[in-house]
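Worksheet for the structure shown next.
Just so it is clear, none of the values below were taken in a lab; they were calculated from the coordinates. Given the structure is predicted, the values throughout are model-derived calculations rather than measurements. Positions of Cβ are generated from backbone atoms using ideal geometry, with glycine treated the same way; all protein chains shown enter the neighbour counts.
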Amino acid sequence: MKPKGKPRLARLARGRLVGSFQAFARTIVRTSGHPMAFALAIASVVFWAAAGPWFRFGNTWLLVINTLTNIVTFLMIFLIRNAQNRESEAVQLKLDELIRATNAAHNSLLDIEELSEAELDRIKARFERLARTARAATTTAQAATST
């Protein structure tokens, strides 16, 4: 029986490409957050500013820094977003596991991030009511024990 979808080689190549990109993105995001990366950025700006008089503070001088910063910013957005998406999904999976493992938790909340805004608002209102009730009970209990 022939497998459906893409051939196995194409799936493997895509998997390796995605895995390579994720490894690359993770390395760049971690490296860019390092203090040495910040020091390198500061040194670049100082070098650029010092080169200003040599270029007579002309349009080329401005264009170089503007172009480089725009390119770096544009590319970093995608790399940082990729890292944030992975981290967010990992946190969501950890929370799902805690909900699943806790007997008193509602398993219906496992895929709550997939619900519509109206459904989220309805659930939020229910939990707000529960919180108000719990606070009122706590306040009443504290008042009863302090007298």
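A few remarks follow.
- Span-rule helices in the chain, defined as complete DSSP H runs reaching 27 Å or more along the axis (Cα) with Kyte mean at least 1.0: none
- Of Trp48, Asn103, Asn82, farthest towards positive along the dipole that unit charges on Lys, Arg, Asp, Glu beta carbons give segment 38-117: Trp48
- Taking amide H as placed 1.01 Å from N in the peptide plane, the amide H of Leu115 sits under 5 Å from none that are at least 5 places away or on another chain.
- Length-normalised contact order of the chain in % [C-alpha pairs under 8 Å, at least 6 apart]: 19 percent
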